1. Give me the distance between the Cα centres of the range 291-344 and the range 72-136, rounded to whole Å.
2. Would you mind checking the pairs LYS15/LYS170; LYS101/LYS211; LYS76/LYS101; LYS96/LYS211; LYS25/LYS170; LYS170/LYS197 and listing those with alpha carbons more than 23 angstrom apart?
3. Which value, in debye to the nearest 20, describes the size of the charge dipole of the chain about its Cα centre when Lys and Arg Cβ atoms bear +1, Asp and Glu Cβ atoms bear -1, and nothing else is charged?
4. Taking a ≥ b ≥ c as the square roots of the eigenvalues of the Cα gyration tensor of the range 276-316, is the shape rounded (a/c under 1.5), prolate (a/b larger than b/c) or oblate?
5. Select from ALA319, ALA270, ALA311 the residue whose mean-square fluctuation is largest in a Gaussian network model of the chain (Cα-Cα springs shorter than 10 Å).
6. Of all accessible surface on the chain at a 1.4 Å probe, what whole percent is carbon and sulfur?
7. Which residue fluctuates the most in the chain, going by a Gaussian network model with Cα springs under 10 Å, if the choices are GLU38, GLU125, GLU74?
8. Dipole of the range 199-295, Cα-centred, from +1 at each Lys and Arg C-beta and -1 at each Asp and Glu C-beta, to the nearest 20 debye?
Amino acid sequence: MFVQRNQQNPLITPKMVKPSQKNFKVEGTFNAGVVEFEGQILQLVRVAESVISSNATEVNVPLLAEYNGEYVIEVKVFSKDDPEYDFSDPRLIVLKKNPAKVFLTSLSHFRIARSDDGVNFEIDEVPCFFPDNRYELFGCEDPRITLIEGTYYINYSAVSDFGITTGLAKTQDFKTFEKLGLIFAPDNRDVCFFPEKINGFYWALHRPAPKHFGSPEIWIAKSPDLMHWGDHQRLLGCSTDGWDTLKIGGGAPMLKTPYGWLQVYHGVDANERYCLGAFLTDLNDPTKIIARSDKPLIEPTASYEIDGFFADVVFSCGALIKDECLHIYYGASDETMALAVINYDQLWHYLGLEL
């Protein structure tokens, strides 16, 4: 296979990360944004933490609660014997009656991991980015980093009982972060920025999740300022038969190549199996797709991809182009971080380009 998984995979595991609270357990270190910064490869890792419970018949759920204008962590306790709730998905607790109510079994924040070689990472002991407002009661998830005009922008999923929204933050040094607010209303996630203006506008992929008609698919929009988005168009739909029939969504931020804007995206089949694919859009017209994979670029086959917190998942929030190769950093089974490398020429052949 032309996709080369790194022999040291998984590169980051929950055992490598110190919990943020004494009674917390790190369940997952995955879906990291990736960037080159000051000679190093940085991963902004999603760290999902649960609350340790001494009672096997209970599930302790961490979430934020507001007290006197401040948001602090509290724990809600659920009994596994309660027939009103569905505990079948390890990620969720769902109230069965209408209207349904959902709680997450973990609370996610971001942690920085640093590497000189892109393989061996050291992880900071403390969070750099933590949920702290009404739209982040259930956590901050799946960060993506894009360098635009000298500033590093981080878009992420802000999750609460209101739904999944997309938040935006920025930093210059990865020491201090400024949250700028929400840029897409619920339910919308998998936002992928283009790293430069095209025809005078900023552009981004996004993935609305319709509840009445249609499927979760990839849309595109443009903005004058990265905060206000319009001219929404459906860009890419699910296939009718194969690895991406149930839903699709953006993965890594857009990468500029000589042949077009490259997107590494995820597709989900009817069995909730997550794979990665790729497509190219025109350099001057991002609404025009010029190539799309008909087969998965990466599918879960390695042990750390098919066994884990949520099995059969490969999911990317970050990729880099280095040494004529595409380096895809991806989450495996909602638990660990891994790396796969693809030679440029083989990538173009996979996309069916005649060069």
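The values are calculated or read from the model by the stated rules, or taken from the named source; none is laboratory data. It should be emphasised that the depicted structure is a prediction, and the values quoted were computed from it without experimental measurement. Heads up, the Cβs are rebuilt from the backbone with ideal geometry, glycines too, and the neighbour counts pull from every protein chain shown. The protein model used for the area step is the full one, side chains on, heavy atoms only, and it has no ligands, DNA or RNA in it. Shrake-Rupley method; radii C 1.70, N 1.55, O 1.52, S 1.80 Å.
1. Going from one Cα centre to the other spans 22 Å.
2. LYS15/LYS170; LYS25/LYS170, as the Cα separations exceed 23 Å there.
3. 420
4. Numbers: a/c = 5.23, a/b = 3.08, b/c = 1.70.
Since a/c reaches 1.5 and a/b is larger than b/c, the shape of the range 276-316 is classed as prolate.
5. It is ALA270.
6. In the chain, the share of accessible area belonging to carbon and sulfur is 47 percent.
7. Answer for the Gaussian network model of the chain: GLU38.
8. With Lys and Arg at +1 and Asp and Glu at -1, about 80 debye.
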